[in-house]
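A.B. asks: Starting off with a structure, shown below.
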Amino acid sequence: MKPAIFLRREKEQNKKKNFCGRKKCSGEESGFNMRLFALIFFVFAIAGIIFFRLYDLQVFARDYYIGLADNQHYILKNIFPKRGEIFFKDKNRNQSSFPAAINKKSQLVYAVPYEVENLVGSIKEIAQNLSMEENEIREKMKNKKSMYSVIKKRISQEEAEKIENMKMKGIYLAEDIFRYYPAEDLASNVLGFVGWKENSLEGRYGIESYFEDKLRGTQGKISHKKDNSGSWIPFEDKEITLAQDGDDLFLTIDHIIQYETEKILAGAVEKFGAERGLVIVMNPKNGQIISLANYPSFNPNEYGKVENMENFKNLVGEAYECGSVFKGITLASAIDNGKINPETTYVDTGTVNISGYNIKNSDLKAYGLQTMTQVLEKSLNTGSIYAEKVLGNKNFSDYIKRFGFGEKTGLELPGENSGNLSNLENLKKDIQFFTASFGQGTTVTPIQLISAYSAIANGGMLFKPQIVEKISHKNGTEEPLQPQEIRKVISQNTANQISQMLQSVVEKGHGKRAGVPGYKVAGKTGTAQVASGTQKGYEEGASIGSFVGFAPVDNPQFSILVRLDNPKNVEWAESSAAPVFGELMKFLLSYENIEPTEKYVQNDLDNFEKLHDLKKYFAEFEKEKKKEEKKKEDNQNKEN
C-alpha cells in the first residue's frame, strides 16, 4: 500500500497527463465534426434541390403543363387556321350575302391518356355515354404519351352534359369547329364539301376544291427543343407562328334564283324520266353565273351517305354532242362573214349526199325553198350544211374557235373539259364539217355553249364565265373580281340579225314552249344523239335534249341553258328542255321586275301555266315520296 503522499502525486501526474491527452485529441475531434457537418449539409442540399424541383414543377411550371394538357386545344387553335366561308348573293336582305358554307361550333371529347385512372372502367363508362364501341375508344387511348387524343367530335349537348357529370380525370371537353352547309343541298354541286382525303380534311369537288388554297388558310407551327428521346424539354422556350385564317368567298349566285332553278329542273327530270339534268343562268352582259343547278344533287352535310358518286359531279364542264342548238352558232358565223343573211334562200331536198352518206333532216322531210330564218325555225340539218358550205371549212373552224369552243373557259370549278374539235383538223373532210354544223361529231361543254349564246345576246363580246364576285381577306381587305372580256366574236349587226332569227324560233318554230307572255324571247332547241362509250357510233334510243337562249331580246338580262340527259317520256327537246327554259325565264323576269314589252291577255297566261307546271310537279313528287318512306318505316316498325 502506497503512502498518502505518493497517491497525491500520482493523481496530480494523471491530471496533467489527461490534460495533455485531451488537448491532443481535440484536433482529431474537430476534423471529424467538420466531415459530419459537410455530410449533413450535402443531404439537406440535395433534399432542398429535390423539394425546389417538385415545387417548381407543381407551381412555376403549372401553366406550361396545363398548356400541354387542359389547354392543348387552345394551342392547336392557334396553329390550325379557320377555313374561309362561302356566301351566296342575296338581293332581298340588308346584308349582301347569304351563308352557303360556314364554320359551325360544337364540342368534342378528348383524353390525356396518362392521366386516366382505372382505364378499363373509364372506357366502359365513356362508351356508354357517347354511344361508342369500347374497342374504338381503347384504340384512341392506347398511346400513353399522348397529350391530346380525340375521342368523339360533334357531340350533342346531352352527351356533353354526361361527360361533364362524369368528372373523370384525363377526360375533357373542348370546342369543335366543323364545316356546315345551312341550305343543305342548295347548289351542292357548285359548293362541293369538305371531307377526308388520306390523312387530312380538304375541299372535295366544287368551289371547296377549286379554291382550297385560299379557303384553308396557312397553318401555323410550334418550334420547341427536344431531348434525345424526342420528348419536348419543358423549360426551353417555344416559338409559335400563328395560323392565318382562310379567305371568304362571295359568289355571283343568287340563292333565291338558285332555289327556283333547282326545283324546276328537278320537276323536269322526274316528270320526263331523265337520268340527270343541268340548268345554267348567266348574266349575258358580264358572264356572271346567277344560278347553276344539277339534279340529282346531294346534301354536303351528309356526303358520306351518297351511294352514287356521280351525284357529286357537275355537268357544267362535261363535254357532249349538243345537237341543233349549235345551228345558231353556225348561222351567226356565216352572217358575220357576209355569206348569208336571214332572208338568204336555198332549196331543201331533205337530204345531203356526201362521201356515200345521206344526211337527212331530223323529221325526214323536205321543205323546198327555205330562208335561213326558216332553217332555224324548223331546225333543218340541210340548211345548216348549206350555211357551212358557203362559209367554208376554214372559216367555220376559225369562227367556232373564236366563240370559245375547243378550249376551257376558265370557269372557277374543277373538272372542266375543253371539248373536242379534232374531227375538224383535216379541212378536206367535208362530212365532218357538215355534221359539226348541226352539233354532231364534235363535243362542246354547257358552259362554252351558254357563253357563246351570251356573246350573241350582248352584241358579240365573249366573256369569261364568273362564279366568284369577290374575295375577302382576313386582314380586312377585299379583292373584287371584275368581269373579263375575252374577245369580240361577231359584230353588233350580226348579233342583232341572229337574235331576231332566234326569236322567230320561239314564236314560230320548235321553241314555242320557251316563250313567256309579254316578252321577246330568243333561243334554240337541240336533240342530240349520244355517242357510245364502248364502240363506234351512237347509243340506240339515247338522246340529250337542250335549249339555250336569252331574254328580253332587245335588252337581254338573262341567258339560260337547259340540258336533260336521256329523257324517257318525250322525244324532242321542244317538249322537255324548252318548258324548263320558259318556266324559269318567266320567274326571272318577274323576280327582277322587268316590265313586259309585248301585248298579252289572261288566256295567254292561263295556257302558259297549264304547260309549265314543273315546280308544282316536283312538290307533289316530294310529297308522295315522303308518304312512301313513312309507310315503309311504319311497316318495318310493325315487323320489329
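The values are calculated or read from the model by the stated rules, or taken from the named source; none is laboratory data. Note that this is a predicted model, so its numbers are computed, not measured. Counting neighbours? That spans all protein chains shown, and the Cβs are built from the backbone with ideal geometry, glycine included. These accessible areas exclude ligands, DNA and RNA; they are computed on the full protein's heavy atoms, side chains included. Shrake-Rupley method; radii C 1.70, N 1.55, O 1.52, S 1.80 Å.
A.B. asks: Quick one: which residues, 5+ away or cross-chain, put their amide H under 5 Å from the amide H of I354? H built at 1.01 Å from N.
C.D. replies: I359
A.B. asks: Of the listed peptides 534-541, 245-252, what is their order by residue-averaged count of other C-beta atoms within 10 Å, with the highest listed first?
C.D. replies: 245-252, 534-541
A.B. asks: How far is the Cα center of the stretch 255-317 from the Cα center of the stretch 563-626, in Å?
C.D. replies: About 16 Å separates the Cα centre of the stretch 255-317 from the one of the stretch 563-626.
A.B. asks: Now a separate question. Taking only protein heavy atoms into account and a 1.4 Å probe, give the accessible area per residue of the stretch 314-416 in Å².
C.D. replies: Details: 3830 Å² over 103 residues.
Each residue of the stretch 314-416 exposes 37 Å² on average to a 1.4 Å probe.
A.B. asks: Moving to a separate point now. On average, how much accessible surface per residue is there in the stretch 461-568, in Å², for a 1.4 Å probe, leaving out ligands, DNA and RNA? Could the numbers behind the result be given before it?
C.D. replies: Details: 4610 Å² over 108 residues.
That works out to 43 Å² for each residue.
A.B. asks: Between S422 and K360, what length in nm is gained on full extension when 0.36 nm per residue of separation is reduced by their alpha carbon distance? All intermediate terms of the calculation are to be shown ahead of the outcome.
C.D. replies: On the way: separation 62, 0.36 × 62 = 22.32 nm, distance 2.34 nm.
Working it through step by step, the gained length comes to 20.0 nm.
A.B. asks: Tell me, in nm to one decimal, what length is gained between N143 and V347 on full extension, where the rule is 0.36 nm per residue of separation less the Cα-Cα distance?
C.D. replies: Numbers: separation 204, 0.36 × 204 = 73.44 nm, distance 8.41 nm.
This chain segment gains 65.0 nm when fully extended.
A.B. asks: Same structure again: State to the nearest 20 debye the size of the charge dipole of the stretch 236-350 about its Cα centre, where the only charges are +1 on K and R beta carbons and -1 on D and E beta carbons. Kindly include the intermediate steps, with their values, before the conclusion.
C.D. replies: Numbers: 9 positive and 19 negative charges, 153 e Å.
It comes to approximately 740 debye.
A.B. asks: Describe numerically, in nm with one decimal, the distance between label points set 7 Å from Cα along Cα→Cβ at L119 and at K153.
C.D. replies: Inter-label distance under the simple model: 2.6 nm.
A.B. asks: Check cross-link reach from K105 to the lysines: straight Cα distance under 18 Å, and skip same-chain residues fewer than eight apart.
C.D. replies: Leaving aside lysines fewer than 8 places away in the same chain, those within reach of K105 are K77, K82, K152, K153.
A.B. asks: Can you pull the percent of the stretch 106-212's accessible area that's carbon plus sulfur, 1.4 Å probe, other chains left in place? Can you show the working numbers first?
C.D. replies: Numbers: 2460 of 5680 Å².
Here it works out to 43 percent.
A.B. asks: Could you tell me what percent of the accessible area of the stretch 488-574 is made up of carbon and sulfur, with a 1.4 Å probe and every protein chain present? All intermediate terms of the calculation are to be shown ahead of the outcome.
C.D. replies: Working: 1500 of 3500 Å².
Roughly 43 percent of what the probe reaches on the stretch 488-574 is carbon or sulfur.
A.B. asks: Moving to a separate point now. Loop-only check: which GluC sites (Glu not before Pro) in the stretch 121-159 are DSSP coil with at most 16 other Cβ within 10 angstrom? All intermediate terms of the calculation are to be shown ahead of the outcome.
C.D. replies: Details: sites: E125, E133, E134, E136, E139, E158, E159; in loops: E133.
Those that pass, being in a loop and sparsely packed, are E133.
A.B. asks: Under 18 Å between alpha carbons, and skipping anything fewer than 8 positions from K91 in its own chain: which lysines qualify?
C.D. replies: Excluding near neighbours in sequence, the set is K470.
A.B. asks: Which value in nm describes the separation of the simple spin-label points at K82 and L369, placed 7 Å from the Cα toward the beta carbon?
C.D. replies: Each label point is offset 7 Å from its Cα along the Cβ direction, giving 7.4 nm.
A.B. asks: Run the accessible area of the stretch 301-386 with a 1.4 Å probe and give the carbon-and-sulfur part as a rounded percent. The partial results should precede the final answer.
C.D. replies: Working: 1780 of 3690 Å².
Answer for the stretch 301-386 is 48 percent, counting heavy atoms of protein chains only.
A.B. asks: Using a Förster distance of 45 angstrom, determine the FRET efficiency expected from the C-beta separation of N165 and K305, and round it to 0.05. Mind showing how you got there, number by number?
C.D. replies: Details: r = 32 Å, r/R0 = 0.71.
The computed FRET efficiency comes out at 0.90.
A.B. asks: Out of residues 5 or more away from K82 or on other chains, whose amide H comes under 5 Å of its own, with H placed 1.01 Å from N in the peptide plane?
C.D. replies: D245, G246
A.B. asks: Long-range amide H contacts for I340: which residues qualify at under 5 Å (H placed 1.01 Å from N, peptide plane, sequence gap of 5 or more or a different chain)?
C.D. replies: I335
A.B. asks: About the Cα centre of the stretch 505-603, how large is the charge dipole given +1 on each Lys and Arg Cβ and -1 on each Asp and Glu Cβ? Please answer in debye to the nearest 20.
C.D. replies: Working: 10 positive and 11 negative charges, 26 e Å.
That gives the stretch 505-603 a dipole magnitude of about 120 debye.
A.B. asks: Here is a follow-up. Sort out for me the Cα centre separation of the stretch 496-521 from the stretch 449-494, rounded to whole Å.
C.D. replies: After rounding, the separation between the Cα centres reads 25 Å.
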